[in-house]
Amino acid sequence: MVIVFGSINIDIAVNLARLPERGETVLGHGCVISPGGKGANQAHAARRAGADVAMVGRGGADAFAPPALARMRSEGVDLSRVEESSEPTGCATIWVEEGTGASTIAVASGANTRVTHDQVPDELLDGDTVLLLQHEVPLEENRRLVDRAARRGCRILLNAAPAFPVPEDVLAALDVLIVNEIEIVQVAAHAGGGDEPPERLPEWLARRFGLIVAATYGEEGAVCHTGREAIRTPALPIRPVDTTGAGDTFCGVLAATLAAGRDLREAARYAAAAGSLACTRPGAQSSQPARVEIEAAAANLSAAAR
């Protein structure tokens, strides 16, 4: 089982010919309102990849809450631990550049600031559970949940996004740290690795804290470092339409594949394939591939690597 502890948002996306400069207004081509939030996106991706998934978070008592939960509900994500808050449902505004698919995102956290670790009962935190967290809920609540989960033998994955320093005791409790090329620099600098060259940071963090570091590099693919071995996985050769949520897709599918008992090499391949496929479609959850698509794309990556 995968438990996702994190944010639930509604996304408001506008397609633009180019991203605006500071103080500039650029007219867009349509507006799409869809469910999002790193936690919800990762829960949805894990479920699409075939895992049993429980989402833990909060939404508001407002009109945005039902559509923010709609796709997770339709996919069969367990929402029984999503609680209502007096704060409004989280909201992300997204600008997507046509042609490149590059996106710029601003988030009003709302109800996500009221998520608490005790929404996850102890009985769910055991050796059969994969716990997946991000940085869009209070960091102290993450810390408390990580401490509880580690003491109960739960496997713990943290996506350190958005980029904030991660306390060393949290890093030491993790099984897997998931970061992109920006996030890994900030995490390593805070942990004492500021003098290390960027290409060595996955190995340095893995050795320093006894964990697996899954570092994503966009079109260059991903590196999963165990401290002893670097597993390099290419991205699919695709033309991006919208990169929103691609990293969340990677995280959710990595968690789901590990929860299914597959090894790290296969999990990395599935996650990289899924993240690539998500870039070929607009939206966050709406772009996430189903299990059969992921398996086919991962097989192509495996064949290309031979």
Kindly provide the helix-only [θ] at 222 nm of the chain, computed as the sum of -39,500 (n - 2.57) over DSSP H runs of four or more divided by all residues, to the nearest 500 deg cm²/dmol?
-10500 deg cm²/dmol
Theoretical gain in end-to-end length, Asn300 to Ile238 [0.36 nm per residue, Cα-Cα removed]
21.0 nm
Enter the accessible area of Phe64 (Å², nearest 10), with the probe set to 1.4 Å and all protein chains included.
80
How big is the chain by the Kirkwood estimate over distinct Cα pairs, in Å?
19.1
Nearest 5 is fine: what % of DSSP beta bridges in segment 1-141 come out antiparallel, could you say?
35
Per-residue accessible area, 1.4 Å probe, largest first, puts Glu203, Glu84 in the order Glu84, Glu203
Segment 52-204 - percent relative contact order, Cα under 8 Å, separation 6 or more
15
Thr113 to Arg207: extension gain in nm, 0.36 nm per residue of separation minus the Cα-Cα distance?
30.6 nm
With a Förster distance of 30 angstrom and the Cβ-Cβ distance between Glu168 and Thr104, calculated FRET efficiency to the nearest 0.05 equals 0.45
Please report the accessible area of His190 (heavy atoms, 1.4 Å probe, ligands and nucleic acids excluded) in Å², nearest 10.
100
Report, to the nearest whole %, how much of the accessible area of the chain belongs to carbon and sulfur atoms, 1.4 Å probe, protein only.
50
Using a Förster radius of 22 Å, what is the FRET efficiency between Arg81 and Val14 based on their Cβ-Cβ separation? Nearest 0.05, please.
0.10
Tell me, in nm to one decimal, what length is gained between Met1 and Ile182 on full extension, where the rule is 0.36 nm per residue of separation less the Cα-Cα distance?
62.2 nm
GNM on the chain, Cα springs under 10 Å; top mean-square fluctuation among Ile178, Ile238, Ile156 goes to Ile238
Whole angstrom only: what separates the Cα centroid of segment 1-78 from the Cα centroid of segment 169-244?
24
Once you've got the GNM for the chain with C-alpha springs shorter than 10 Å, pick whichever of Asp195, Asp175, Asp122 has the biggest mean-square fluctuation.
Asp195
Per residue, how much accessible area does segment 1-97 have with a 1.4 Å probe, in Å²?
44
Using a Förster distance of 41 Å, how high is the FRET efficiency between Asp195 and Arg151, based on the Cβ-Cβ distance and rounded to 0.05?
0.75
Pick out which of Ala108, Ala43, Ala271 has the largest mean-square fluctuation in a Gaussian network model of the chain, springs linking Cα atoms closer than 10 Å.
Ala108
Heavy atoms of Cys279 accessible to a 1.4 Å probe, total area in Å² rounded to 10
20
Loop trypsin sites (Lys or Arg not before Pro), segment 145-245 (other Cβ atoms within 10 Å of the site Cβ: 16 or fewer; DSSP)
Arg152, Arg228
For the full complex of protein chains and a 1.4 angstrom probe, list Asp78, Asp128, Asp11, Asp169 by accessible area with the highest value first.
Asp128, Asp169, Asp78, Asp11
Average accessible area per residue (Å²) across segment 231-302 - probe 1.4 Å, nucleic acids and ligands excluded
37
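The values are calculated or read from the model by the stated rules, or taken from the named source; none is laboratory data. Quick caveat, the model's predicted, so the values are computed rather than measured. Note that each Cβ is placed from the backbone with ideal geometry, even for glycine, and that neighbours are counted across all protein chains shown. Heads up: the accessible areas ignore ligands, DNA and RNA and are worked out on the full protein's heavy atoms, side chains in. Shrake-Rupley method; radii C 1.70, N 1.55, O 1.52, S 1.80 Å.
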